[in-house]
Amino acid sequence: MTSAEATAHYFKKAARIMDVGERIETLLAAPLREVKVQVSIELDNGEIRTFNGYRVQHDNARGPMKGGLRYHPLVDADETLSLASLMTWKTAVVNLPYGGAKGGICVDPTGLSSKELERLTRKFVDQIQDIIGPTRDIPAPDVNTNPQVMAWIMDQYSKYHGHSPAVVTGKPIDLYGSRGREAATGRGLLYIAREIARDVGLPVKGTRFAIQGFGNVGSHAARLIHEDGGIIVAVNDVNGGVKNPKGLDVPALFDHARKTGSVKGFNGGSPCGTEELLTCDCDVLIPAAMGGVLTKSVAAEVRAKIVLEGANAPCTPEADEVFEKRGVLVVPDILANAGGVTVSYFEWVQNLQHVTWDEDRVTTELEKLMREAYERVANISRTRKLPLRTSAYVLAIGRVGKATVLRGI
Ligand code: NAD
C-alpha cells in the first residue's frame, strides 16, 4: 500500500462508518490541486542541479490550506498527497479555520551548503508563489526545514506580493515568528499524554517513554516529558540511538546532541538500533521521525501499551490492525501531533493582527485546544466504541463535510 492509499484507507473506513454517502465521499477524497515543479539551481561549484518540488493542496472548505514543507530524498507526489490529506483532517480535529496542504523537495539537504539551500528555497518559492499566500495556502516547517528556511520563504514571497509575514509560519522569533512555535508539536504530545494518563491511569510521572527521532518533534517531546517526570528510556536519530532502562539524563543528552549533531555515542546509556528502539521495553512509544516505520511485523513485537504518533503516518494500516487486536492504544497523528499546526495558527493570527503574544498565552491556548480536541475524539471513541484513529477521522470528516455542503457543491 502506498502512503496515499494508506491515508485513503483510514478516510474510507471512517466515512463508511458515518455513512456520509458516495457523493460527499468523492468530494472529500480528491485533492484540489497537485503541483510538481522542477527546481534548478547553480551549485557552489558552478554545476547545475535540478530537483523535483511538490505542493499538494487537498481541501479548503474550512479555510486557507495549511501544511509543512519537507526536504528529503524520499519526497514524492504520492507521499505529499498523503500528508496533504492528513493536514485537512488534522486542522479539522483541532477545529482550526484551515484546510490541508503539504509540500516538499526531493533532496538530501545535508549535501547542500547553506547558500545552495537558500537558492533552492527561493527558486521553489518563485515557482509556487502564485498558488500560496496568507489567504490561500500557508507553508510551515517539516522534516529538514527550519525557521531560517521559513524566513527565506517569507522574504522571497514578499518580493512578489509586498510585505507578507502571514504567508508562512514557523519563522524565527525575530522575524514575525511566534513564541512557543519551535516546541509546539512536542508540547502538544505532552498535553495529549497527560489526557491519556487521566483516562488509562498511567500518569506521565514515572512512565517509561521511547522516542524515535530527535529533531524538532522528538527532542522537545523528550525535554518536556522529562520535565514532567516521565522517564525517557531510549531515543535515536538517523545516525544511531541510545538506551538506558533506568532513564536517560535528558539535559546531558541535549548537550551531547548539540556538540556532536546526534544522540549517537551518548555515554549515559548503551547503543540502540532502530528496531530495538521500536520494540524496547517501555510504556509509551513515540515515533517522531519518518512515516511507515511501524509495519505489521514490527507492530507484533512492540512492547509499549500506548503508541503516541509524533510523526505523520508512522503506522501502516496493517500495523494499525495488529495494534487493535493486541489492545495497544494508538493515539493518531491527526490528534497527537496537532500542537505544531495549532501554534502555527496562533502565529498567523498574530501576523494578521500585527500583535505579539507572550509564551504563557501561547501555551495556555494550545493546552485548551489540544484538550478540547482530545475530549471530542475520546468521547466519540467511548460512545461509538471505535478506535481513537477512526474517532478522530469521524470528527474531522463531519466538520469538513458540513463546511463543504454549506458552501455549496
Ligand atoms: P526534523 O527534521 O526536525 O527531525 C527528524 C528526526 O528524525 C531527526 O532527528 C532525524 O535524524 C530523525 N530520523 C530520520 N530518519 C530516521 C530513521 N530512519 N531512524 C531514526 N531517526 C530518523 O523533523 P520534525 O519536524 O521533527 O518531524 C518529524 C516527524 O514529525 C515527521 O513525520 C513530521 O511530518 C512530523 N511532524 C512535524 C511537525 C513539526 O512541527 N515540525 C508537526 C507535526 C508532525
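Among the listed residues K385, K402, identify the single one that is under 18 Å from N95 (Cβ atoms) and without any contact (Cβ under 8 Å) to a residue 60 or more places away in the chain. Even if it seems obvious, please write down each step before you answer.
Working: K385 fails: under 18 Å from N95 (Cβ atoms).
Just one listed residue meets the conditions, K402.
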Could you check how many residues of the stretch 172-187 are within 14 Å of A140 (Cβ to Cβ) and either in a helix (DSSP H, G or I) or more than 13 Å from the ligand (Cβ to nearest atom) (or both)?
4
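Only one residue in E22, E47, E34 is at pLDDT below 95 and surrounded by fewer than 16 Cβ atoms within 10 Å (Cβ to Cβ). Which one? Don't jump to the end; show me each part of the working.
On the way: E47 fails: at pLDDT below 95; E34 fails: at pLDDT below 95.
Answer to the check: E22.
What tally of residues in the stretch 324-358 results from selecting those that are in a helix (DSSP H, G or I) and surrounded by 13 or more Cβ atoms within 10 Å (Cβ to Cβ)?
First pass over the stretch 324-358, keeping only residues in a helix (DSSP H, G or I): 324-326, 333-336, 339-353.
Pick out the ones that are also surrounded by 13 or more Cβ atoms within 10 Å (Cβ to Cβ) and you get 324, 333-336, 339-351.
Of the residues in the stretch 324-358, 18 are in a helix (DSSP H, G or I) and surrounded by 13 or more Cβ atoms within 10 Å (Cβ to Cβ).
Sort through V377, V400, V362 and tell me the only one that's surrounded by 19 or more Cβ atoms within 10 Å (Cβ to Cβ) and within 21 Å of D320 (Cα to Cα).
On the way: V400 fails: within 21 Å of D320 (Cα to Cα); V362 fails: within 21 Å of D320 (Cα to Cα).
Unique residue meeting the criteria: V377.
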Does any residue of the stretch 303-319 turn out to be exposed (fewer than 14 other Cβ atoms within 10 Å of the Cβ), of a type outside the set (K, R) and closer than 30 Å to Y10 by Cα?
no
Just to be sure, is G213 on the phi > 0 side of the Ramachandran plot and either surrounded by fewer than 17 Cβ atoms within 10 Å (Cβ to Cβ) or over 18 Å from the mean Cα position of the chain (by Cα) (or both)?
no
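Could you tell me whether any residue of the stretch 67-84 is small (G, A, S), over 18 Å from the mean Cα position of the chain (by Cα) and either buried (at least 24 other Cβ atoms within 10 Å of the Cβ) or on the phi > 0 side of the Ramachandran plot (or both)? Walk me through it before giving the result.
Taking the stretch 67-84 first, the residues small (G, A, S) are 67-68, 77, 82, 84.
Now restrict to residues that are over 18 Å from the mean Cα position of the chain (by Cα): none.
No - not one qualifying residue is present in the stretch 67-84.
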Looking at the stretch 315-351, which of its residues are free of Cβ contacts under 8 Å to residues at least 40 places away in the same chain and under 18 Å from the mean Cα position of the chain (by Cα)?
C315
Report, by residue number, each residue of the stretch 102-124 that is out of contact with any Leu (no Cβ under 9 Å at 6 or more places or on another chain) and crowded, with 24+ Cβ neighbours inside 10 Å.
none
By my count, strands (runs of 3 or more DSSP E) wholly in the stretch 209-318 with at least 3 residues that are outside the structural domain of K90 (by TED's automatic domain parsing), out of contact with any Pro (no Cβ under 7 Å at 6 or more places or on another chain) and within 12 Å of the ligand (Cβ to nearest atom) are 231-237
Using beta carbons and a limit of 8 Å, which pairs, at least six apart or on different chains, have the first residue in the stretch 127-148 and on the phi > 0 side of the Ramachandran plot and the second one away from the ligand (no atom under 16 Å from the Cβ)?
G133/P64; G133/Y157; G133/H161; G133/S164; G133/V167
Test: residue in the stretch 104-120 that is modelled with pLDDT of 95 or more, within 19 Å of F346 (Cβ to Cβ) and not polar (S, T, N, Q):
no
Tell me the residue from M154, M150 that is within 16 Å of the ligand (Cβ to nearest atom), assigned to a helix (DSSP H, G or I) and either modelled with pLDDT of 95 or more or farther than 16 Å from V341 by Cα (or both), please.
M150
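Of all residues in the stretch 22-45, count the ones that are out of contact with any helix residue (DSSP H, G or I) (no Cβ under 9 Å at 6 or more places or on another chain) and closer than 17 Å to A61 by Cβ. Outline the logic, then answer.
As a first pass, look at the stretch 22-45 and keep what is out of contact with any helix residue (DSSP H, G or I) (no Cβ under 9 Å at 6 or more places or on another chain): 22-23, 26, 30, 32-33, 45.
Keeping just the survivors that are closer than 17 Å to A61 by Cβ gives 23, 26, 30, 32-33.
Result for the stretch 22-45: 5.
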What number of residues within the stretch 216-233 satisfy the criterion of being among the hydrophobic types (A, V, I, L, M, F, W, C) and in contact with a Lys or Arg (Cβ under 9 Å, 6 or more places away or on another chain)?
5
The stretch 137-187, residues that are hydroxyl-bearing (S, T, Y) and farther than 16 Å from S219 by Cα:
Y157, S158, Y160, S164, T169, Y176, S178
Under 9 Å between Cβ atoms, which residue pairs at least 6 apart in sequence (or on different chains) link something in the stretch 8-23 that is not assigned by TED's automatic domain parsing to the domain that holds A313 with a partner that is assigned to a loop (DSSP other than H, G, I, E, B)?
H9/M1; Y10/P332; A14/V20; A14/L386; A15/G21; I17/L386; R23/I409
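The values are calculated or read from the model by the stated rules, or taken from the named source; none is laboratory data. In this text the structure is predicted, and so the values were computed from the model without any measurement. When we count neighbours, we look across all protein chains shown, and the Cβ atoms used for this are built from the backbone with ideal geometry, even at glycine.
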